[in-house]
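Colleague: Let me give you the structure first, and then I'll get to my questions.
Since every read-out is calculated from the coordinates, none of them should be taken as a lab result. Note that the coordinates shown come from a computational prediction; the quantities given were computed from them, not determined experimentally. A quick note on method: Cβ atoms are made from the backbone with ideal geometry, for glycine too, and the neighbour counts reach across all protein chains shown.
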Amino acid sequence: MIVKQYVKDFEKLGFGMFVHFGLYSMLGQGEWTKHLHSIPDEDYLPLAKTFSPDADWAKELVATAKKAGCKYITLTTRHHDGYSLYDTRGLNDYDAPHSCGRDLVREFVDACNAEGIIPFFYHTLLDWYQKSYEEDFKTYLQYLRDSVEILCTQYGKIGGIWFDGMWDKPNDDWEEDALYGMIRSHQPEAMIINNTGLDALGALGHIELDSVTFERGKPGAINLETSPKYVASEMCEIFADHWGYAKNDFNFKSLREIIEEYCVCRRYGSNFLLNVGPLGNGKMRSLDKAMMETLGEWVEIHKEALYLPRPAGVEMTVGDNDFVLEQNGTYYLFCHNLAMTLGAENVVKAANGEYVKKFKFDKAVKSIRWLDNGKELEYQQADGETTVYCAPYQYGENLVVRIAKIEV
Ligand code: GLC
């Protein structure tokens, strides 16, 4: 099996921020609004005349991503509405330089590079703007390649390209060899990812693709038996119900759900790509930002277990949703559903939960300690099974998923 180092390096990034930003952000009805609300071109295209994000839009995104613990950001350089945040260098006038005289992808890349965050480019395949997409597909594919080539040649070394929309024409020949070959010729170590959408979670595709995708799904172990190449996996998720800013979408997940999803990703060695949809001025919705930053506090506490450790193949015998990761002979037990301590009955609502975890383990354990406070946990080992006594949360804490470090 072919194993590429850059694919392994991508896995080590672990956690990224997805950013859906474009003309649609000005309307606040989600990134599909043009299509789903049948907004005619004469109403939609003029948005390009006034699109002018605040000067520090990219810096703010990067700073928030960094605070959250994200190692990379995937930005929609062009979404399905066909508008480009980058300078299309004459391919068309429907791009940021013709809106505000700026190359927004350049601003994004500069902000990322300044902070050591790796820039990834989302690029649409399906296109509602370019007439050739429906009328002359071969011409469209050349336009697509020319567009992506700009991204591969004008912004230095990039983390990867994230395609989306092939599911719109599943039976057409997208000339993937030519598209991916062009990327490889300029960016041999760029991850090439092609979102398989909601129906084909985790499906393998073209041999040049470097990761499978689990859009808003739950990652599972990927079956690489038939694959000649080792691929990574990534799950993208949204806080509410839209990728692009939707003003009237209040259906936010709880931070608890987000932490649990993040952990499901880690359980299967999958990267977690968590989306924000900035407003038209490029500023984040306050709750998007707050969620990212607060999640970042949890990440900071547990970071030792979140990036490099990989699935350890340890079988839990007691502990729903719990699992063990391993790195260089150190193990990390992810504990869900811990009980809350009983306190003064008018103050603490004691939650039911578990505090005993058991797993099959053939190594002699030296110590088990919580990552958050270093306190030692009691445990017993017998008959190839390890029993850990987690003790309930004390008043003042509830980590949702609490991680213990196991030294052997
Ligand atoms: C879907 C949507 C798109 C969004 C993407 C993110 O494919 O079409 O709007 O960008 O999911 O994963």
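Colleague: So if we plug the beta-carbon distance of D362 and E293 into 1/(1 + (r/R0)^6) with R0 = 41 Å, what FRET efficiency do we get, rounded to 0.05?
Modeller: Efficiency for this residue pair is about 0.50.
Colleague: May I pose another question? Hey, can you rank 154-164, 226-236 by average C-beta count inside 10 Å, highest first?
Modeller: Highest-to-lowest ranking by the protection proxy: 154-164, 226-236.
Colleague: Let me ask another. About its Cα centre, how strong a charge dipole does the stretch 271-408 have in debye, to the nearest 20, once Lys and Arg get +1 and Asp and Glu get -1 at the Cβ?
Modeller: The dipole magnitude comes to about 360 debye.
Colleague: Please give every one of the lysines within straight-line cross-link reach of K49, meaning a C-alpha to C-alpha distance under 29 Å, and leave out same-chain neighbours fewer than 8 residues apart.
Modeller: K34, K59, K131, K247, K283, K289
Colleague: Moving on. For V408, what charge total do you get from the other residues with a beta carbon under 11 Å from its beta carbon, if Lys and Arg give +1 and Asp and Glu give -1?
Modeller: 0
Colleague: Between K303 and T139, how high is the FRET efficiency from 1/(1 + (r/R0)^6) when r is the Cβ-Cβ distance and R₀ = 60 Å? Nearest 0.05.
Modeller: According to the calculation, E is roughly 0.80.
Colleague: Where both residues lie in the chain, what percent of DSSP beta bridges are antiparallel, nearest 5?
Modeller: 50
Colleague: Of A96, A312, A391, which is the most mobile in a GNM of the chain whose springs link Cα atoms less than 10 angstrom apart?
Modeller: A391
Colleague: Which of L308, L27, L91 ends up with the largest GNM mean-square fluctuation for the chain, with Cα atoms connected below 10 Å?
Modeller: L91
Colleague: Where in the stretch 355-408 are there trypsin sites (Lys or Arg not before Pro) that are in a DSSP coil and have at most 15 other Cβ atoms within 10 angstrom of their Cβ?
Modeller: For trypsin sites (Lys or Arg not before Pro) across the stretch 355-408 that sit outside H, G, I, E and B with at most 15 neighbouring Cβ atoms in 10 Å, the list reads K363, K366, K375.
Colleague: Moving to a separate point now. Within the stretch 353-406, list the GluC sites (Glu not before Pro) lying in a DSSP loop whose Cβ has at most 16 other Cβ atoms in a 10 Å radius.
Modeller: Answer in residue order: E397.
Colleague: Still on this structure, please answer the following. Return the loop-located GluC sites (Glu not before Pro) in the stretch 236-323 (DSSP other than H, G, I, E, B) with at most 15 other Cβ atoms within 10 Å of their own Cβ; answer none if there are none.
Modeller: Passing both the DSSP loop test and the Cβ count: E315.
Colleague: Mean-square fluctuation check for the chain, GNM, Cα pairs under 10 Å: which of F334, F108, F137 is largest?
Modeller: It is F137.
Colleague: What net charge do the residues around H37 carry, taking every other residue with its C-beta under 15 Å from that of H37, with Lys and Arg at +1 and Asp and Glu at -1?
Modeller: Around H37, the surrounding residues sum to -4.
Colleague: Treat each spin label as a single point 7 Å out from the Cα along the C-beta direction, and report the D9 to E149 distance in nm.
Modeller: 2.5
Colleague: How many angstrom lie between the C-alpha centres of the stretch 257-310 and the stretch 143-195?
Modeller: Their Cα centres are 26 Å away from one another.
Colleague: Follow-up. Would you tally the net charge around N321, using a Cβ to Cβ cut-off of less than 9 Å, leaving N321 out, and scoring K and R as +1, D and E as -1?
Modeller: That works out to -2.
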